[in-house]
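Enquirer: Provided herewith is a single structure, encoded as structure tokens, for subsequent inquiry.
The values are calculated or read from the model by the stated rules, or taken from the named source; none is laboratory data. All values reported here derive from a predicted model rather than from experimental measurement. Cβ placement follows ideal geometry from the backbone for every residue including glycine, while neighbour counts extend to all protein chains displayed.
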Amino acid sequence: MTEKTVLNATHRALGAHMVDFGGWDMPVNYGSQIEEHHAVRRNAGMFDVSHMTIVDLHGARVKDFLRHLLANSIDKLKVTGKALYSCMLNEQGGVIDDLIVYYLGDTFYRTVVNAATRAKDLAWITQQAKAFDVEVKERPELSMIAVQGPHAREKVLALVHEVDRARIEKLAKFTAAAAQGPGGMPLFVARTGYTGEDGFEVMLPAEHTLAFWNALQAAGVVPCGLGARDTLRLEAGMNLYGQDMDETVSPWEANLGWTIALDAGRDFIGRKALEAQKAAGVTRVMVGLVLDGKGVLRHGQKVLTANGDGVILSGSFAPTLDKAIAFARIPVGEPGAVRVDIRGRELPVHIVKYPFVRDGKPCDGI
């Protein structure tokens with residue numbers, strides 16, 4: 001049975017094109033995906049991301065548990081509200097999922113995991129938590145709205161109660177705090193996102209979600225679907241679980257080595273496999289590709305290099321750049337002249353260092 005967020009009827013009333021996404025009935029666009037993309041890059045857009053799974057972790061040994069569970073080091077979180085991005089690995093070093101974890105107290109952390117991996121994530125986290133006597137509590141009664149763009153923060157701040165506004169305005173990136181919204185509704189405001197733009201991801205009780213969504217829309221924030229969210233995150237160089245990495249791919253191979261903390265004395269799940277792979281050298285690397293001619297780069301297309309074939313992972317037309325871009329996994333080594341097989345035609349592409357777009361502008365070399 002397809003799940004629905006509390007805003008499902010609202011999306012339909014707005015004329016959204018709805019699709020099944022990870023078992024959820026979600027808006028892919030409300031008319032023009034490209035216009036929604038530009039709204040986020042140029043002003044402010046909002047996404048219903050209530051399909052994401054919010055999980056609270058409680059217990060005296062919860063920090064020890066997260067030191068064991070995550071490839072990144074939870075020890076980096078020293079200030080209440082600070083967040084960390086990390087992969088959660090299997091024993092072979094493959095990525096079970098990527099997630100964000102918030103430090104809310106010595107015995108309380110909050111995590112947000114992907115919708116499509118909810119069942120396996122909860123099963124894995126619960127299984128691993130038993131040895132640490134950690135309570136794993138899913139929070140289905142909470143919704144989440146992402147407000148993103150160069151004017152996103154000011155739109156949200158205008159709805160935050162004046163007693164909290166100055167404090168929320170000072171939130172650093174990858175930090176969160178509680179606040180009151182319209183009518184005193186409780187908000188958990190995180191300065192995080194998945195678009196490459198500044199903004200907030202706001203968690204709040206389901207019964208207040210429609211009022212908050214309507215207030216944002218009245219303030220000029222544009223409703224955006226998952227289609228624009230995908231092109232925005234690709235331009236911003238952000239991985240998508242299931243396309244760019246999965247349980248057969250290690251963080252080394254997904255250009256996520258920066259999320260691995262091989263700190264002394266911490267035996268996290270998958271560490272031995274990662275150390276062995278690092279010592280031996282990876283055989284595959286993830287790169288950015290740009291197609292300067294006509295055509296669209298799509299998932300699954302063959303990439304031809306001097307060292308053998310690779311494959312397109314995420315690929316799309318990039319509205320900010322007006323050209324096709326992609327992530328690809330290719331054999332390690334000097335690739336030579338790189339081509340992509342598009343319906344039997346070998347079209348030249350060039351490798352670039354991503355992100356492709358930063359602060360709304362094309363990056364150097366794109």
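Enquirer: Of everything in the range 75-131 that's out of contact with any Ser or Thr (no Cβ under 9 Å at 6 or more places or on another chain) and charged (D, E, K, R), which residue is nearest to residue 60 (Cα to Cα)?
Expert: 106
Enquirer: Please find, within the range 280-318, the residue that is surrounded by the fewest Cβ atoms within 10 Å (Cβ to Cβ) out of those that are more than 16 Å from residue 352 (Cβ to Cβ), out of contact with any helix residue (DSSP H, G or I) (no Cβ under 7 Å at 6 or more places or on another chain) and among the β-branched types (Val, Ile, Thr).
Expert: Across the range 280-318, the extreme among qualifying residues is 283.
Enquirer: Right, here's the next one. Name the residues in the range 214-240 that are under 21 Å from residue 33 (Cβ atoms) and not in a helix (DSSP H, G or I), would you? Steps first, answer last, please.
Expert: Residues of the range 214-240 that are under 21 Å from residue 33 (Cβ atoms), as a first pass: 216-217, 220-240.
Scanning the range 214-240 gives 220, 221, 222, 223, 224, 225, 236, 237, 238, 239, 240.
Enquirer: Name every residue in the range 155-168 that is outside any loop (DSSP other than H, G, I, E, B) and surrounded by 13 or more Cβ atoms within 10 Å (Cβ to Cβ), in order of residue number.
Expert: Step one: filter the range 155-168 for residues outside any loop (DSSP other than H, G, I, E, B), giving 155-157, 162-168.
Passing the criteria: 155, 156, 157, 164, 165, 167, 168.
Enquirer: Taking the range 320-343 as the search range and keeping residues that are in contact (Cβ under 8 Å) with a residue 60 or more places away in the chain and surrounded by fewer than 21 Cβ atoms within 10 Å (Cβ to Cβ), which one is farthest from residue 365 (Cα to Cα)?
Expert: Top of the filtered list is 329.
Enquirer: So which residues in the range 171-197 are surrounded by fewer than 16 Cβ atoms within 10 Å (Cβ to Cβ) and either out of contact with any Phe, Trp or Tyr (no Cβ under 8 Å at 6 or more places or on another chain) or at positive phi (or both)?
Expert: If the condition is that a residue be surrounded by fewer than 16 Cβ atoms within 10 Å (Cβ to Cβ) and either out of contact with any Phe, Trp or Tyr (no Cβ under 8 Å at 6 or more places or on another chain) or at positive phi (or both), then 172, 173, 183, 184, 186 are the ones that fit.
Enquirer: Now for a different question. Which residue, of 273, 236, is touching a residue at least 40 places away in the same chain (Cβ under 8 Å), under 26 Å from residue 359 (Cβ atoms), out of contact with any helix residue (DSSP H, G or I) (no Cβ under 8 Å at 6 or more places or on another chain) and not acidic (Asp, Glu)? Steps first, please.
Expert: On the way: 273 fails: under 26 Å from residue 359 (Cβ atoms).
Result: 236 is the single residue among 273, 236 that is touching a residue at least 40 places away in the same chain (Cβ under 8 Å), under 26 Å from residue 359 (Cβ atoms), out of contact with any helix residue (DSSP H, G or I) (no Cβ under 8 Å at 6 or more places or on another chain) and not acidic (Asp, Glu).
Per-residue answers, yes or no, for (1) among the basic types (Lys, Arg); (2) assigned to a helix (DSSP H, G or I); (3) at pLDDT 95 or above:
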{"position": "37", "(1), (2), (3)": "no, yes, yes"}
{"position": "41", "(1), (2), (3)": "yes, yes, yes"}
{"position": "55", "(1), (2), (3)": "no, no, yes"}
{"position": "60", "(1), (2), (3)": "no, no, yes"}
{"position": "78", "(1), (2), (3)": "yes, no, yes"}
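Enquirer: Exactly one of (1) at positive phi; (2) modelled with pLDDT of 95 or more; (3) not aliphatic (A, V, I, L, M) is unmet by residue 314. Its number?
Expert: Status for residue 314: all satisfied but (1).
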